[in-house]
Amino acid sequence: MEKLNPFDTILKQIDMAAEKLKLDPSIVERLKHPRKIIIVSIPIRMDDGRVKVFTGYRVQYDMTRGPCKGGIRYHPDVNLDEIKALAAWMSWKCAVMDIPYGGAKGGVACNPKEMSRGELERLTRAYTAMIIDEIGPYKDIPAPDVYTDSQAMAWIMDTYSQFKGYPVPEVVTGKPIELGGSEGREEATGRGVAICAREAAKHVGIELRGARVVVQGFGNVGKFAAKLLQGMGCRIIALSDSRGGIYKESGLDTLAAIEYKNRTGRLSGFQGCEEITNEELLELECEILVPAALENQITETNADKIKAKIVVEGANGPVSFGARKILHQRGIFVVPDILANAGGVTVSYFEWIQNLRREHWTEKEVNQRLEEKMVKAFNDVLALAKQYNVSMADAACLLAIRRIADAMKKLSL
Ligand code: NAD
């Protein structure tokens, strides 16, 4: 079983790109180091009167192509190496999408499931206050990530605005619509996944109408990806959440499954379906598999058993470094996460532009712009995959690193 420090994966990917792109060693040296790491100790008065100190991080990986951009996660496992790796991937994701941002990531090691709303608000406001000089609309723009949501973004915006003395909605994205959030943001990541699946099917020569689709994870990414792929004519044969999967070979209705999950809090028991485990779900015979739950779901242990023709990485890191190689060797077309799930950051970018211009675009306009950006990025990555005869995953890395390295060269240190 592979157990890689996520930052080691980043370094391996940079070395691969350096060799293929024949990068100048001084650029490679820069690419391997985050520009700034901020670590704070955040004392919070808990509801029971005790003071607890939480460790918070913000890593600004790269600012060469624009201000830093990246989510903030609340999770007990948050640690510096993970945040460093996620910050590097954010800068690559923005470069792949060709949006004018660098990359960042933040996090607080805490267990939000065990904290009250009041404790979470105090934590979010105190964390923001402690990094207030480091963030800003032209410096570093946070967004939601694992276990942070639009409410947390509203608290960040409010804390920052109080400090400035006037409203600054453009300091964060993923806000509630009432506070300057964008139309289409909620569906954006799933929409980007569905667009990548459609483009991949076109490339591989699979007819989308009737194509069998399996989606692991039925949260923000998975449910919208399934809904939109069904709308494109696909047959959704299996879905899952943390409790397990449901399967129906003739195809199930995603909208009814969303309604059922909202009502009961689970997928199991959904009418007319067989119950399966998450492991079985990944190994189903299908045209398109979308792992949209957690990292490391397809590893060297099960990569040989995957029967999909296309895998679209909805989650961050659902296919391990080693498993990607195996799938590529087996002729399975994998759309990597930094391309497949970049719809979210792309609409975050649209939100930032709307805030800076004090505009509010329609959902139709947002979706049209997202469609254009996703198709262009997919084709840019595909062109490089063909040019270097590498997988889409390697090509996405090459494209991102080439764009960042080219920008660095123009600054000629
Ligand atoms: P979410 O919390 O809304 O949903 C996660 C889903 O996965 C839930 O349905 C949960 O039940 C399910 N799940 C949890 N453990 C599981 C397991 N062991 N097997 C199967 N399903 C399981 O999260 P999300 O926002 O949909 O994010 C999913 C992934 O996509 C994460 O890796 C996240 O980092 C990534 N991502 C999300 C966005 C976004 O805009 N939401 C953007 C980019 C990347």
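The values are calculated or read from the model by the stated rules, or taken from the named source; none is laboratory data. This structure is a prediction, so every number in the text was calculated from the model and none was measured. Ideal geometry is used to build each Cβ from the backbone, glycine not excepted, and the neighbour counts take in all protein chains shown.
One residue alone among ALA152, ALA188 is near the ligand (Cβ under 10 Å from one of its atoms), over 22 Å from LEU252 (Cβ atoms) and not in a loop (DSSP other than H, G, I, E, B), and that residue is ALA188.
Residue under question is ARG324, and the condition is that it be of a type in the set (Lys, Arg) and surrounded by fewer than 20 Cβ atoms within 10 Å (Cβ to Cβ); does it hold?
no
Being outside any helix (DSSP H, G or I) and either within 9 Å of the ligand (Cβ to nearest atom) or over 21 Å from the mean Cα position of the chain (by Cα) (or both) is a description that applies to ASN316. Scanning the stretch 365-372 finds no residues that are among the polar types (S, T, N, Q), outside any helix (DSSP H, G or I) and modelled with pLDDT of 95 or more.
Could you grab me the full set of residues in the stretch 326-364 that are of a type outside the set (A, V, I, L, M, F, W, C), under 17 Å from the mean Cα position of the chain (by Cα) and part of a loop (DSSP other than H, G, I, E, B)? Can you show your working first?
Taking the stretch 326-364 as the starting set, the residues that turn out to be of a type outside the set (A, V, I, L, M, F, W, C) are 328-331, 336-337, 341, 343-344, 346, 348-349, 351, 354-355, 357-360, 362-364.
If we keep only those that are under 17 Å from the mean Cα position of the chain (by Cα) too, we end up with 336-337, 341, 343-344, 346, 348-349, 351.
Answer for the stretch 326-364, where residues must be of a type outside the set (A, V, I, L, M, F, W, C), under 17 Å from the mean Cα position of the chain (by Cα) and part of a loop (DSSP other than H, G, I, E, B): PRO336, ASN341.
Filtering ASP158, ASP145, ASP140 for residues that are within 16 Å of the ligand (Cβ to nearest atom), over 14 Å from ASN355 (Cβ atoms) and among the acidic types (Asp, Glu) leaves a single hit, ASP145.
Pick out the one residue from LEU252, LEU267 that is near the ligand (Cβ under 9 Å from one of its atoms), modelled with pLDDT of 95 or more and farther than 23 Å from ILE332 by Cα. That would be LEU267, the only listed residue that is near the ligand (Cβ under 9 Å from one of its atoms), modelled with pLDDT of 95 or more and farther than 23 Å from ILE332 by Cα.
Of everything in the stretch 297-310 that is without any contact (Cβ under 8 Å) to a residue 40 or more places away in the chain and within 14 Å of the ligand (Cβ to nearest atom), the residue that is nearest to VAL214 (Cα to Cα) is ILE298. A count restricted to the stretch 251-302 and to residues that are under 20 Å from PRO336 (Cα atoms) and not hydrophobic (A, V, I, L, M, F, W, C) stands at 10. Each residue in the stretch 202-230 was checked for being more than 15 Å from the ligand (Cβ to nearest atom), surrounded by fewer than 24 Cβ atoms within 10 Å (Cβ to Cβ) and touching a residue at least 24 places away in the same chain (Cβ under 8 Å), and 9 of them qualify. Listed conditions (1) over 21 Å from PHE350 (Cα atoms); (2) more than 21 Å from the chain's Cα centre (by Cα); (3) surrounded by fewer than 23 Cβ atoms within 10 Å (Cβ to Cβ) are all met by TYR147, apart from (2). Among the residues of the stretch 163-172, the one identified as part of a helix (DSSP H, G or I), surrounded by 15 or more Cβ atoms within 10 Å (Cβ to Cβ) and without any contact (Cβ under 8 Å) to a residue 40 or more places away in the chain is VAL171. Every test in (1) away from the ligand (no atom under 13 Å from the Cβ); (2) without any contact (Cβ under 8 Å) to a residue 60 or more places away in the chain is passed by GLU285 save one, and that test is (2). Applying a threshold of 8 Å to beta carbon distances and a minimum spacing of six or more residues, or different chains, the list of pairs starting in the stretch 173-190 at a residue that is over 13 Å from PRO144 (Cβ atoms) and aliphatic (A, V, I, L, M) and ending at one that is more than 12 Å from the ligand (Cβ to nearest atom) and assigned to a loop (DSSP other than H, G, I, E, B) reads ILE177/GLU183. Selection of the stretch 231-271 for residues being among the hydroxyl-bearing types (Ser, Thr, Tyr), more than 15 Å from ALA292 (Cβ to Cβ) and crowded, with 17+ Cβ neighbours inside 10 Å yields TYR247, TYR260.
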